[in-house]
Structures are given as C-alpha cells and as structure tokens.
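Comments concern the structure below.
None of the figures in this text is laboratory data; all of them are computed from the coordinates on show. Computed from a predicted structure; not experimentally measured. Every residue, glycine among them, receives a Cβ derived from its backbone with ideal geometry; neighbour counts consider all protein chains shown.
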Amino acid sequence: MSERVVIFDTTLRDGEQSPGATMNQEEKIRLAQQLEKLGVDVIEAGFPAASEGDFQAVKAIAATVKNAQVAGLCRALESDITRAFDAIKGAVNPRIHTFLATSPLHMKHKLNKEPAQVLDMIEKAVRFAVNLTPNVEFSCEDASRSERDFLAVAVEKAIACGATTINIPDTVGYAQPQEFYDLIKFLLEKVPNAKKAIFSVHCHNDLGLAAANTLAALSAGARQAEVTLCGIGERAGNASLEEVVMALKTRAHYYNLETGVSSTQIFPSSRLLSMIIGQPIPPYKPIIGGNAFAHESGIHQAGVLKCAETYEIMTPQSVGRAGNEMVLGKHSGRNAVKARLEELGFNLSEDQVTQMTDAVKNLADKKKHIYSEDVEALVLEEIYRLPDKYRFRRLSVVSGNTAMQPVAAIVMDIDGEEKQLSSFGVGPIDAVFNTISQLTGRSPVLKQYAVNAVTGGTDAQGEVTVRLEEGGHKSVGRGSDGDVIVASAKAFINALNRLAKKEEERECARL
Ligand code: KIV
Ligand code: ZN
C-alpha cells in the first residue's frame with residue numbers, strides 16, 4: 001500500500017512573491033477554484049497581516065473554497081496570528097501557518113534574539129494559535145542552515161505545544177538532496193514526539209534542486225510537500241507542483257507514495273496561472289513547456305512512432321495536454337464549443353458558453369482553423385476580462401518607412417463614454433500607446449513588450465504581453481487578435497484596467 005503525501009500549494013502566497021506575479025482578488029479566487037479542481041489538499045491563500053488587500057483576498061478565498069484546507073501565513077506574533085485566523089476562519093477547514101527563523105544567521109541578524117528567546121516565542125505562538133484552531137502548522141524558517149540539535153529542540157517544542165504539521169523549509173535553496181534526506185531522517189528519529197505531527201518540506205530553487213530536495217525529503221519520511229504551480233515563488237521560485245507530483249506518479253514503484261492530485265488538471269492549471277500573471281510558460285519547462293513532449297531528432301521521432309514509451313516516460317494526455325489538433329471551426333456549434341472548453345479545464349456558465357460560441361464564430365470568419373490555444377486566448381479576452389474602466393473599440397494606424405511619421409487613431413470607451421484621438425509615435429506601437437495614454441490621462445512607463453504567435457501559420461493570432469509601471473505600481477496586460485497592433489492596444493488597455501482595479505482595491509482598503 002502506498003502512503004499519501006499532502007500537497008500544500010503556496011502559489012497564492014510564496015508564488016505571488018515572485019517578481020511580477022501579483023494577482024488581484026478575482027484572479028486569486030479563480031486560481032483557488034482551479035487548485036481545488038486540481039485536487040491539492042491545502043491552499044495557502046496569502047499572508048493576511050501583510051496588507052488589507054491580502055487580508056480581504058484570503059477571506060474571500062476562504063469563503064469560496066469548498067474542500068481543500070485554507071492556510072493563512074503569519075509570523076509568530078499574536079497580532080499576526082489573530083489577523084490570519086480572522087481571514088481564514090470562514091473556511092471549511094482553516095489552517096494557521098506560523099513561522100519563526102531558527103538558524104544562527106537569522107536569529108542573530110534578523111530577529112536579534114537569543115536561541116532561548118526564540119524557543120519561548122515558538123511556545124507562545126503555537127499555544128496561542130492552537131486556541132483558535134487545532135489545525136496549526138509551524139515552520140522553522142531557514143531550517144536547512146539551522147544547527148541540527150537546536151532545530152530538533154524547536155520542533156519538539158512546537159509539537160508539544162500542539163502543532164500538527166512541522167514544516168522544514170530550505171528557505172534559501174541551499175540544501176543538497178542527500179543532506180536534506182539526512183536532515184529529515186535525523187529529525188524523525190531524534191525528536192521524541194515526532195510521530196504526533198506530519199513533517200513537511202518547503203524547498204526553494206536557488207540551485208535548481210527544489211524538486212529533487214522535496215523528493216529526497218519525502219523518501220526520508222516527510223509526508224507534506226509545499227509546492228507552487230510552474231515553480232513560481234520568491235527569487236528562483238519553489239518546488240514545482242507538476243514536477244513533484246509527476247515524479248511520484250511516473251515513478252510510483254520507486255517512491256511508493258501517492259497524492260490526491262488529478263494529473264490531467266496540471267496543464268490547464270498552469271495555463272490559467274500563466275494567463276493570469278501574464279508570463280508565458282518557458283518552452284523548455286518540464287511537463288508543461290511547449291517542448292516537453294516534442295521530439296525533434298529523427299531517431300527519437302522514429303522510436304516514438306513505433307512505440308511511444310521509447311522516448312516518452314508519461315503521456316501528454318496524462319497531464320491534460322490536448323495536443324495541437326484543429327479543434328473548432330466556422331461550423332462548430334454550441335455543444336462542440338462547450339465540450340472543448342470543458343476539456344481545456346474551463347467550467348463556464350451557460351451564458352458564458354453562449355458568449356464563447358459567438359466569439360469562436362467571429363474568429364472563424366477570419367481564421368480557418370481554431371486550436372486549443374486560440375480558445376484559451378478567447379476565454380481570457382471574453383470571459384476573464386476585468387470589468388472595464390477603459391474599453392477598446394477600434395483603431396487605424398499608418399506606418400512604414402515613408403517620410404510621414406507613424407500615426408494612430410483610436411476609438412475607446414472611458415467609463416462608458418466613447419472618446420477618440422489620434423497621435424504620432426516613433427513606430428506604430430509607440431503611436432498607439434501614446435494615443436491611449438493621452439486619451440486616458442495616464443502616464444505609464446512601458447517596461448516590457450512581448451508578442452507571441454498563439455499557434456503556427458501566418459494567420460495566427462498574436463498574443464501581446466505588456467508590463468507597465470506608473471507611480472511605483474506595476475501591472476501586466478495581455479491581448480490577442482489576428483492583428484498584432486490591435487492585440488497591442490488591447491494588452492495596453494488591459495494593463496491600464498489592472499492599474500485602475502488595483503487603485504480601486506487600495507481605495508476600498510483605506511475606507
Ligand atoms: O521559504 C520559507 O522559509 C517560507 C516560510 C515562510 C515557510 O516561505
Ligand atoms: Zn518560501
């Protein structure tokens with residue numbers, strides 16, 4: 001019989017600490033719902049004491065999630081713990097996750113505390129948390145650089161005070177797999193009350209070893225893995241959910257461990273995250289990257305054609321990759337659109353399916369073959385678009401290398417009122433962005449611009465991602481269209497809507 005590993009997903013907390021990966025409340029809720037569908041056991045929804053916005057988002061997630069446990073992170077301080085519990089108490093199964101550093105470096109330079117004082121703080125914090133809920137996790141921050149004997153004492157204390165999960169983070173991604181295996185074995189053997197808690201690990205990827213260290217720790221007896229979708233997280237990120245889960249599944253006989261994750265939801269979940277944070281999945285990324293199942297060499301292709309297992313250790317279908325076959329066209333009806341949306345992991349309402357059917361037909365008028373990627377881009381455009389303060393209507397652009405300077409004329413709605421303007425630029429995109437900035441009265445700085453063909457073919461939709469910064473606030477926008485200039489305008493306006501939405505959320509938090 002294989003033993004069960006608890007999958008603790010921290011995409012919405014540590015993942016959100018990844019540069020450029022901030023999400024608004026609606027996006028966090030949408031992702032939390034998808035994480036439930038994916039089958040993770042615990043969703044770490046945020047750090048409620050960090051800001052009013054974080055608190056409200058965690059509270060909203062706690063109210064939405066039906067089956068998974070919802071964790072709120074907090075420092076080992078009564079005020080933080082109270083705040084975290086207030087945010088998660090509406091969840092079906094709330095978990096307080098409190099942490100304190102135990103390494104000499106952190107205790108001396110960050111906390112300015114003696115080891116005995118740290119032990120005292122652990123005792124007070126865990127006891128306080130346990131009075132609020134029995135489901136308490138304690139993390140020894142920077143555990144992999146802590147002195148082993150002190151770490152064992154800290155763990156023993158947290159368990160004695162009522163913590164039911166003990167997390168051993170490799171906070172700075174310093175550990176090596178064999179060393180991390182030994183550390184977990186040591187703790188399980190040395191801590192007298194170790195059997196009363198589940199041991200968890202939380203590995204960072206600074207040396208590219210996060211998944212390897214997580215798997216080593218599971219082999220040593222840890223039974224919870226803290227992971228994120230696509231491995232996003234602080235600095236180089238965390239252990240990727242997809243790598244850890246698929247290693248356990250593909251090498252089931254080796255590990256003899258199982259998870260509750262539905263592996264066919266892995267790809268739709270990663271795509272949703274990528275769409276929300278506006279960061280494409282790198283093609284070389286294991287399991288979810290565009291190249292993960294592509295066989296380039298002739299020898300490999302011939303082998304796979306004869307028997308897929310020659311070069312494929314798992315099937316694309318097992319991680320929810322539908323392949324790139326033509327999926328819909330001009331004559332596809334509502335049922336075909338609905339079925340395809342469900343296969344791609346989108347469970348939409350009946351009205352949304354109708355909206356998508358119209359959008360697919362419109363696109364099919366311009367583009368003969370519609371692929372999964374086109375459908376995903378349309379869902380983002382049509383369904384997951386934010387309620388718009390700014391709305392794109394139409395544009396025309398003149399550009400080229402004649403004597404005339406490129407010019408853009410744009411029609412858009414601002415708070416429901418139609419406005420238009422034309423303006424010049426160094427090139428057509430510059431002209432479009434200048435015109436929109438003038439129309440909206442905003443002055444964002446364009447930090448990054450990327451265009452990507454959604455599928456192959458010269459009639460492919462262009463998907464544009466922009467990163468903007470205005471007054472110290474950042475946002476990402478995405479837009480797609482058969483015309484890359486129109487896609488650019490949509491992406492720019494989408495990013496402005498996100499800036500406006502964040503302003504609104506900040507305003508609400510102040511009231
Ligand atoms: O990396 C880390 O140590 C953390 C803890 C708060 C669990 O994220
Ligand atoms: Zn972390």
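Sort out the exposed loop GluC sites (Glu not before Pro) in the chain (DSSP loop, at most 16 other Cβ within 10 Å) and tell me the longest stretch that has none.
326-511
Between the helical axis of 428-440 and the dominant principal axis of the chain, each derived from Cα atoms, what acute angle in degrees is found, rounded to the nearest 10?
Approximately 80 degrees, to the nearest 10.
In straight Cα distance, which lysines are under 22 Å from K366, not counting same-chain residues fewer than 8 positions off?
Partners within reach: K330, K338, K490.
Quote the charge dipole size of the chain about the Cα centre in Debye, to the nearest 20; the model charges only the Cβ of Lys and Arg (+1) and of Asp and Glu (-1).
Values: 56 positive and 64 negative charges, 44 e Å.
In total the dipole reaches around 220 debye.
Using the alpha-carbon atoms, what tilt in degrees (0 to 90, nearest 10) does helix 266-277 show relative to the longest principal axis of the chain?
It is inclined by approximately 70 degrees.
In the P(r) worked out for the stretch 133-275, what percent of Cα pairs fall beyond 28 Å?
In whole percent, the long-distance tail amounts to 17.
How much mean residue ellipticity at 222 nm does the chain get from its helices, if each DSSP H run of length 4 or more adds -39500 (n - 2.57) and you divide by all residues, to the nearest 500 deg cm²/dmol?
Theoretical 222 nm ellipticity from helices: -12500 deg cm²/dmol.
On a 0 to 90° scale, report how tilted helix 241-250 is relative to the longest principal axis of the chain, with both axes built from alpha carbons and the result rounded to the nearest 10.
The answer is roughly 70 degrees.
Which value, in debye to the nearest 20, gives the size of the charge dipole of the stretch 91-250 about its Cα centre, when Lys and Arg are +1 and Asp and Glu are -1 at the Cβ?
Its charge dipole is roughly 400 debye.
Straight distance only, please: which aspartates and glutamates reach the Cα of K110 with their own Cα at less than 20 Å, same-chain residues fewer than 8 apart left out?
Leaving aside aspartates and glutamates fewer than 8 places away in the same chain, those within reach of K110 are D14, E78, D80, D120, E123, E141, D142, E147, D170, E234.
Which one of S51, L468, F199 is farthest out on the positive end of the charge dipole of the chain, using unit charges on Cβ (Lys, Arg +1; Asp, Glu -1) and the Cα centre as origin?
So the residue furthest toward the plus end is S51.
Equivalent-ellipsoid semi-axes (√(5λ), Cα gyration tensor) for the chain, whole Å, largest first?
43, 28, 20
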